[in-house]
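Quick notes on the structure that follows.
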Amino acid sequence: MKWALVALALVAAPVQAQECFSGKPRQVTYDDGRVFTIIQRHGDDVTYTVPFAGFQDAVTKTQLMLFPKQGRAGARSTEYRWKSRLPKSKDMVPGYAFDIEGTMKSGDGEALTYRNTGSVLRVEEVLVGECSYPALVVQIDTYLNDELILTGTDYLSLDMMVILKREFVPISSGQMIASAAVALE
């Protein structure tokens, strides 16, 4: 009888729910295997690294993880000089639209016209593990020298200041590429 009560207690015990992340993560792991390690946050700027097998980590500085400012992978660097004011976190509300233009210059190369247009569509819950987080759904089209090169949707958690999910289509391939966060640390 004693064993039956122990077995019944084990079966009836509630399953421990996953503890949801709070704060700003230092690392985001995506389902495609990429791991973004946040190395600095300053206001709306987020600088992070992404490892590449056989190469040095790529280091990228962005505004809101949406708008690139600088990138470096080994000896190769890219700089973005925006002529337009970049959206700030306080701007990012459903209905907000942006059209920002600047230049992109890689190493010793020529500066190319670079432009992002888009809008904040809505707030949507994004599931990471068993936890749900509110995210802004931001549609962005990227142009290089006035040619559309990429169209996509980012799911930005302003609370955590990270992209929880990304879906985009490089115009050259026409193939949808998607990734979603699976772990926050």
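Being surrounded by fewer than 18 Cβ atoms within 10 Å (Cβ to Cβ) and among the acidic types (Asp, Glu) is a condition met by no residue of the range 149-156. When the test is whether a residue is touching a Lys or Arg at 6+ places or on another chain (Cβ under 9 Å) and touching a residue at least 60 places away in the same chain (Cβ under 8 Å), Val46 passes it. Taking first residues from the range 106-125 that are touching a residue at least 40 places away in the same chain (Cβ under 8 Å) and partners that are of a type in the set (Ser, Thr, Tyr) and assigned to a strand (DSSP E or B), the Cβ contacts under 9 Å between residues at least 6 apart in sequence or on separate chains come to Asn116/Thr142; Asn116/Tyr143. Those strands (runs of 3 or more DSSP E) of the range 20-65 in which 1 or more residues are over 14 Å from the mean Cα position of the chain (by Cα) occupy 35-42, 58-63. Scanning the range 146-185 for residues that are in contact with a strand residue (DSSP E or B) (Cβ under 6 Å, 6 or more places away or on another chain), among the acidic types (Asp, Glu) and in a strand (DSSP E or B) yields Asp154, Glu167. Only residues that are over 22 Å from Asp159 (Cα atoms), surrounded by 12 or more Cβ atoms within 10 Å (Cβ to Cβ) and among the hydrophobic types (A, V, I, L, M, F, W, C) were counted in the range 53-107, giving 6. Quick one: in the range 108-133, of everything that is within 26 Å of Asp57 (Cα to Cα) and of a type in the set (Gly, Ala, Ser), which residue is surrounded by the fewest Cβ atoms within 10 Å (Cβ to Cβ)? My answer is Gly109.
Listed here are the residues, each with its yes/no results for (1) of a type in the set (Asp, Glu); (2) over 15 Å from the mean Cα position of the chain (by Cα); (3) modelled with pLDDT under 95.
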site: Glu110; (1), (2), (3): yes, yes, yes
site: Arg122; (1), (2), (3): no, yes, no
site: Val126; (1), (2), (3): no, no, no
site: Val137; (1), (2), (3): no, no, no
site: Asp146; (1), (2), (3): yes, yes, no
site: Ser157; (1), (2), (3): no, no, no
site: Met160; (1), (2), (3): no, no, no
site: Glu167; (1), (2), (3): yes, no, no
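Considering the range 101-127, the residues that are in a strand (DSSP E or B) and aliphatic (A, V, I, L, M) include one that is nearest to Ile140 (Cα to Cα), namely Val120.
The values are calculated or read from the model by the stated rules, or taken from the named source; none is laboratory data. Quantities reported herein were computed from a predicted structural model and do not represent experimental measurements. Glycine also receives a Cβ, built like all others from the backbone with ideal geometry; neighbour counts cover every protein chain displayed.
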